Amino acid sequence: MVAAIVALLGACGTGEDVATEIEPQDPDLVAAGEPLYNSACAACHGFDLRGTDRGPSHLSEIYRPSHHADFSFALAVQQGSRAHHWQFGDMPPIAGLSTDDIAAITAYVRETQRTEGFESYPP
């Protein structure tokens, strides 16, 4: 029941409530995550996290924690992800990233979402 309420509230918000939805991330983890994101994710999701012609923006409201929890980032990296919100095609698994690397990348993404806010979907 609580999870349903949290999901509903998250879906109703705009970028203005991001600071309350996403807690500040560990600065060391964020600092470690940025270069990992740039080398493993930015080619498709953009160095500014706003997407490219190969992958969607990680600042889309689709990636709010209430819609895509942190573990969904880990699953997508480890197992790949079938296309389900956009028409970029399936995301393949990303080799060479440890669990700690994925946690750092997720912290970087969440901190950027917290400070930048979310874009509406569809773009």
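For region 51-64, residues that are under 11 Å from V109 (Cα atoms) and open to solvent by 20 Å² or more (accessible area, probe 1.4 Å) total 1.
Can you give me the number of residues within region 22-67 that are within 22 Å of P123 (Cβ to Cβ), among the hydrophobic types (A, V, I, L, M, F, W, C) and not in a loop (DSSP other than H, G, I, E, B)? Qualifying residue count, region 22-67: 4. The residues in region 68-104 that are assigned to a loop (DSSP other than H, G, I, E, B) and among the charged types (D, E, K, R) can be counted, and the count is 2. Can you work out which of the residues in region 32-47 that are touching a residue at least 60 places away in the same chain (Cβ under 8 Å) and open to solvent by less than 50 Å² (accessible area, probe 1.4 Å) is nearest to F88 (Cα to Cα)? Applying the filter and picking the extreme gives C41. Within region 100-123, the residues that satisfy the criterion of being within 15 Å of A32 (Cα to Cα) and either loosely packed, with under 10 Cβ neighbours inside 10 Å or of a type outside the set (S, T, N, Q) (or both) are D100, D101, I102, A103, A104, I105, A107, Y108, V109, R110, E111. Taking L97, is it free of Cβ contacts under 8 Å to residues at least 24 places away in the same chain, hydrophobic (A, V, I, L, M, F, W, C), over 14 Å from H45 (Cα atoms) and open to solvent by 30 Å² or more (accessible area, probe 1.4 Å)? Judged against the criteria, L97 is not a match. Looking across region 1-30 at every residue that is surrounded by 14 or more Cβ atoms within 10 Å (Cβ to Cβ) and among the hydrophobic types (A, V, I, L, M, F, W, C), the one that is modelled with the lowest pLDDT is identified as A7.
The values are calculated or read from the model by the stated rules, or taken from the named source; none is laboratory data. Quick caveat, the model's predicted, so the values are computed rather than measured. Please note: Cβ atoms are built from the backbone with ideal geometry, for glycine as well, and neighbour counts cover all protein chains shown. With ligands, DNA and RNA removed, areas are computed over all heavy atoms of the protein, side chains included. Shrake-Rupley method; radii C 1.70, N 1.55, O 1.52, S 1.80 Å.
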